[in-house]
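I have placed the structure first, in the form of structure tokens, so that the comments after it can refer back to it.
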Amino acid sequence: HGDICNIGFIIGNESIAVIDTGGTIEIGEELLSEIRNRSNLPIRYVINTHVHLDHIYGNAAFINETPIFVGHENLPKAMQLRKAVYEKLNFDFMGVDPKHSVQVPPTKTVKINEDIFLDLGGRLLKVKAYPEAHTNNDVTILDVNSNTLWAGDLLFIERTPSIDGDINGFIKVLDEIKEDQYSLVVPGHGTPSKDPHLAFEKIK
């Protein structure tokens, strides 16, 4: 039902960031409800790791929270190019009326090879945008405090990766990510791993 990727949120001392929102507004609403079960702090950021529909269509559930929507500099165009196809997929497979497949593009974009830092109050997130890899609009999010990397679909665990960008770029970016040490890696799909090297080895 569109609920196939890893989505989540990070709570700081002053605000909250959401990382990916699911494939439909209903999933986004469920995520928002779970956030509100945990905290009443303002949701300052909603970050999309890339354009694929299972990661972005829950954004609409957060509009009334008035967050800053964050994504790769290529994400707005990528969303628009896929809009008609994604609306049809949501209708054909899940019966979602196209008027309910609402795209919410980023209001803050990250340039290729740029790092930006988002402060949630005592908790910094580093968002990095990459050249063409899984898509042409991939970002990762590093929760600096916990040393947790949200890899988006630059990493699949227990599942064969799909490539909507460039296979050589995908391998290059993955090799770059593997150079660093993390306490936890959250893939776009599959089980988060406390043994990142094992996580990366599984995809070989």
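Summary table below
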read-out	value
Tabulated pairs, the range 35-46, first more than 16 Å from A61 (Cα to Cα), second at pLDDT 95 or above and small (G, A, S), C-beta under 8 angstrom, 6+ apart or interchain	L41/G12; L41/S15
Whichever residue in the range 131-174 is of a type in the set (D, E) and at pLDDT 90 or above and, among such residues, is nearest to P105 (Cα to Cα)	D138
Given (1) in contact (Cβ under 8 Å) with a residue 40 or more places away in the chain; (2) open to solvent by 10 Å² or more (accessible area, probe 1.4 Å); (3) among the hydroxyl-bearing types (S, T, Y), number of the condition T191 does not satisfy	(1)
Matching residues in the range 1-24 - criterion: being touching a Gly at 6+ places or on another chain (Cβ under 7 Å), modelled with pLDDT of 95 or more and either open to solvent by 90 Å² or more (accessible area, probe 1.4 Å) or among the β-branched types (V, I, T) (or both)	I7, N13, E14, I19, T21
Verdict on D92 being acidic (D, E) and either more than 14 Å from G23 (Cα to Cα) or within 13 Å of the chain's Cα centre (by Cα) (or both)	no
Pairs where the first residue, in the range 137-160, is under 16 Å from Y182 (Cβ atoms) and the second is of a type in the set (D, E, K, R) and crowded, with 23+ Cβ neighbours inside 10 Å, C-beta under 7 Å, 6+ apart	G152/D138; L154/D138
Residue list for the range 13-62, filter: farther than 16 Å from M79 by Cβ and aliphatic (A, V, I, L, M)	I16, A17, V18, I19, I27, L31, L32, I35, L41, I43, A61
Close pairs from the range 84-98: first touching a residue at least 40 places away in the same chain (Cβ under 8 Å), partner of a type in the set (F, W, Y) and open to solvent by less than 60 Å² (accessible area, probe 1.4 Å), Cβ under 9 Å, at least 6 apart	N90/Y57; V96/Y57
When residues of the range 25-48 are limited to those that are touching a Gly at 6+ places or on another chain (Cβ under 7 Å) and open to solvent by 10 Å² or more (accessible area, probe 1.4 Å), the one nearest to L149 (Cα to Cα)	L31
Pairs, first without any contact (Cβ under 8 Å) to a residue 24 or more places away in the chain in the range 166-183, second open to solvent by less than 90 Å² (accessible area, probe 1.4 Å), C-beta under 7 Å, six or more apart	K178/F200
Only listed residue being of a type outside the set (A, V, I, L, M, F, W, C) and in a strand (DSSP E or B), chosen from R44, R36	R44
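The values are calculated or read from the model by the stated rules, or taken from the named source; none is laboratory data. Being a predicted model, the structure only gives us computed values, none of them experimental. As a convention, Cβ positions derive from the backbone with ideal geometry for all residues, glycine included, and neighbour counts pool all protein chains shown. For accessibility, only protein heavy atoms count, side chains too; no ligands or nucleic acids. Shrake-Rupley method; radii C 1.70, N 1.55, O 1.52, S 1.80 Å.
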